[in-house]
Amino acid sequence: MRSTRHGRRWSTESLFPNYVFANFVLESGLEKISYTPAVKMVLRFGGRVPEIPDTVIEDLRRSLSGLDSRVLTDAPMEAEEVEIAHGVFAGMKASVTRVLPGKQRAQILLEVMGRPVSAELSLDLVLFNRKDAAQFALTPAESIFAGGPAASGFDLASP
């Protein structure tokens, strides 16, 4: 669920938008991959094509396999600035003092005529910084580059 100007909406997001992980021999396959239709460019860091160990790809597959059926609900964080999307206070900025996830509401503090006023609003009525799907699903990896055969990532052209 995402909070938009038109209320909360269902959305499906890619964890790595416009990226494809490919397993190939770097020396012999790089040129072929680079000239594949719809490939905008092969990802490089300082001229070097990054290699992602097979163990990391397997860890991603294992940890994300259960996400197909999981609903990830986005909500603002405490002290985050939000914008009121509807009603008489539409367009006003406020600060989140408490999130009430069970009620799908947030307690906010907004300034009205120079005075702070506390209010409780539905999450449908506030706009906040969205978290992308990767922020929900991925946790920091302890050791990403552990050696072994690797896959390289490349960027697809945006449609």
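Where a number appears in this text, it was derived from the coordinates with a stated rule and is not lab data. This one's a predicted model, so the numbers in the text were calculated from it and none came from an experiment. Cβ: placed from backbone, ideal geometry, glycine included. Neighbour counts: every protein chain shown.
Quick notes on this one:
- Dipole moment magnitude, nearest 20 debye, the range 81-127 about Cα centre, only Lys, Arg, Asp, Glu C-beta charged: 140
- Tail beyond 12 Å, pair distance distribution of the range 81-127 (Cα, percent): 57
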